[in-house]
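The values are calculated or read from the model by the stated rules, or taken from the named source; none is laboratory data. Fair warning: this is a prediction, and the values are worked out from it, not measured in the lab. Cβ placement follows ideal geometry from the backbone for every residue including glycine, while neighbour counts extend to all protein chains displayed.
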Amino acid sequence: MTIVAALNHSRNGDPQKLAIVSGEQTWTYAELDDLTDKIAANLLIAGLQRGDRVAFHLLNGPELALGYVGCLKAGGIAVPINTRLKGPEIDYILRHSGSVCYVGQPELFEELSSSCPAINSLELRYLTGYAPDAKASSFEDLLMGTSGCFAGPEITSDQVAAILYTSGTTARPKGVMHTHESLAQTAKAMSQMGLDRNQVAVVMTSMAHMIGFGMMFLSGLLNGATVVISRPFDFKSTVQAFAHRRGTYLLGLPVMFHGLIQAQVEVRSDVSSGEFYFCGGDSLPAALQQAFANVFGPVCECYGTTEIAPAAWNRPGNTRVGSIGQPGSGTEFRLIGVDGRDVKPGEVGEICIQGPHLMAGYWQDPEATCGAVRNGWFHTGDLARRDEGGVYRFVGRKKEIIIRGGSNVSPVEVEAVFYHHAAVSEVGVVGRSHPVWGEVVIAYVVLRAGYTVTEGELLAFARERLADYKVPESIIFKEELPKGSTGKILRRALGQEEDAVASSI
């Protein structure tokens, strides 16, 4: 199935139902259909061809939502650009994707003038609001035209619909290709998680990433829900929008759930309409899970990657704290050991996944595609263990496991212990090279405002709860920890700090 066909099905279900809400602005499914037809028609008139890449450099908002759908209707391929990226990083994405069109916001575009040469080679440029670029057209021009029957190009289900660039652990990000079919299958998987036409889904994660773009925005529309768009990390506005629009469905990252708790404590909005709260993207500490439940309601941890999401989740009403739950229907998991064989229950192995919503591969990178997808199984690089009941528990990234004296230490496990301490706000655990043990454990800690605690006190707290070989060698207090574009704590950046320390000794 194509995205266009799925949207038509949602529209025909109830054309006058609210499809998108952004601030005080609203669009019904009929209005969404009409406006995105105009965008598609104007892009084609301007010269866009089937399969051309369109770069979207916009914060969450109506222009981004309408632009995505209009691009897909025109047969284009959406290339979301993380608004936190700098000029050279965006220059690489534009060149690597071969984008022919750029849709952005003036304030973001102006920052690229001297550091992103590729932007100047694009003939099609559209900016929202005022246009500081004389060669750019206004995004509003795409909304002009008369209503009527739009006849777009023929689109097949196996056609690439989006290229999502990952932050990755390599020198350059990889472009994850999703087809119309894989995104439609993502929507089906999300329906298993309760995202249906009865839900009011609040999108608080960046729509440049898989959670915001594929799992919440597109899946919300394809399943006939009402999608309320909020700006990432604007927690007060998100809570207020959730209350005002009687939100029922929320999916975000652990760092965002921290912010929502604090915002709700301050604003005290009525969030009693909430039904589904899912948290993914990183491990969810049990202490945070309980704190969120006290303020909003029970939260279910889930698991997925840009390449395939959702993959596994806890079922509402049957949550296993500290686990990522079980795979969805039609999705298969394997845990593979270093010998390439399936591990036994209780043993740690690499998560490998099959499913109809798996990516089509990495854009212009067949070598990376072959390395990641072998015999139909996507090798995630993540480690987990499975209990006898088929419930999975995330252990960490293969590259992040600390090996101390031959014993494996999971950073996630150590971090979870520190999150139980009242003074700890954030923690990142990495390994440090050691001449005897090979590696030792180091913890980077950010304290909560108004709290004080010594290194010795925290280490004593850890010793009561962890085996000696898992207890950190030392604790380094920081004002803040490095985070990626989605807000996830970057252990690899902390590891680079450790490498710098080791090289200076």
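Only a single criterion out of (1) buried (at least 20 other Cβ atoms within 10 Å of the Cβ); (2) assigned by TED's automatic domain parsing to the domain that holds Ala41 is not satisfied by His180, namely (2). Going by the structure shown, is Thr238 assigned to a helix (DSSP H, G or I) and not small (Gly, Ala, Ser)? Against the criterion (assigned to a helix (DSSP H, G or I) and not small (Gly, Ala, Ser)), Thr238 qualifies. Checking the structure you have, find out if any residue of segment 371-387 is within 24 Å of Gly280 (Cβ to Cβ), part of a loop (DSSP other than H, G, I, E, B) and among the hydrophobic types (A, V, I, L, M, F, W, C). Within segment 371-387 (the criterion being within 24 Å of Gly280 (Cβ to Cβ), part of a loop (DSSP other than H, G, I, E, B) and among the hydrophobic types (A, V, I, L, M, F, W, C)), the answer is no, since none of the residues qualifies. Note on segment 60-116: residues that are among the hydroxyl-bearing types (Ser, Thr, Tyr), within 20 Å of Val203 (Cα to Cα) and assigned to a loop (DSSP other than H, G, I, E, B) total 1.
Is it the case that segment 363-380 has a residue that's under 30 Å from Lys188 (Cα atoms), surrounded by 15 or more Cβ atoms within 10 Å (Cβ to Cβ) and free of Cβ contacts under 8 Å to residues at least 12 places away in the same chain? Yes, segment 363-380 contains at least one residue that is under 30 Å from Lys188 (Cα atoms), surrounded by 15 or more Cβ atoms within 10 Å (Cβ to Cβ) and free of Cβ contacts under 8 Å to residues at least 12 places away in the same chain. Checked against the criterion of being assigned to a helix (DSSP H, G or I), under 20 Å from Asn198 (Cα atoms) and either in contact with a Cys (Cβ under 7 Å, 6 or more places away or on another chain) or of a type in the set (Phe, Trp, Tyr) (or both), segment 245-260 has no qualifying residue. Screening the candidates Val445, Val424, Val440, Val453 for the property of being more than 33 Å from the chain's Cα centre (by Cα) and under 21 Å from Ile489 (Cβ atoms) yields one hit, Val453.
Against the condition in contact with a helix residue (DSSP H, G or I) (Cβ under 8 Å, 6 or more places away or on another chain), under 21 Å from Cys302 (Cα atoms) and either at pLDDT 90 or above or surrounded by fewer than 20 Cβ atoms within 10 Å (Cβ to Cβ) (or both), how does Gly390 come out, does it pass? Against the criterion (in contact with a helix residue (DSSP H, G or I) (Cβ under 8 Å, 6 or more places away or on another chain), under 21 Å from Cys302 (Cα atoms) and either at pLDDT 90 or above or surrounded by fewer than 20 Cβ atoms within 10 Å (Cβ to Cβ) (or both)), Gly390 does not qualify. With respect to (1) touching a Gly at 6+ places or on another chain (Cβ under 8 Å); (2) surrounded by fewer than 18 Cβ atoms within 10 Å (Cβ to Cβ); (3) of a type outside the set (A, V, I, L, M, F, W, C), the lone exception for Gly76 is condition (2). Considering segment 158-209, the residues that are among the small types (Gly, Ala, Ser) and in contact with a strand residue (DSSP E or B) (Cβ under 7 Å, 6 or more places away or on another chain) include one that is farthest from Gly259 (Cα to Cα), namely Ala161. Considering (1) in a loop (DSSP other than H, G, I, E, B); (2) aliphatic (A, V, I, L, M); (3) crowded, with 19+ Cβ neighbours inside 10 Å, the lone condition that Ala151 does not fulfil carries the number (3). Of all residues in segment 194-224, those being closer than 13 Å to Lys17 by Cα and either assigned to a loop (DSSP other than H, G, I, E, B) or under 14 Å from the mean Cα position of the chain (by Cα) (or both) number 5. Residues in segment 337-383 that are under 22 Å from Pro411 (Cα atoms) and touching an Asp or Glu at 6+ places or on another chain (Cβ under 8 Å): Gly337, Pro345, Gly346, Gly349, Glu350, Ile351, His379, Thr380, Gly381, Asp382, Leu383.
Residues of segment 112-126 include none that is surrounded by 19 or more Cβ atoms within 10 Å (Cβ to Cβ), farther than 25 Å from Gly98 by Cα and among the aliphatic types (A, V, I, L, M). For segment 285-320, a tally of residues being within 23 Å of the chain's Cα centre (by Cα) and farther than 22 Å from Gly220 by Cβ returns 10.
Return yes when Leu222 is modelled with pLDDT of 95 or more, touching a Phe, Trp or Tyr at 6+ places or on another chain (Cβ under 8 Å), within 27 Å of Val4 (Cα to Cα) and crowded, with 18+ Cβ neighbours inside 10 Å and no when it is not. Here the answer is no, as Leu222 does not meet what is asked.
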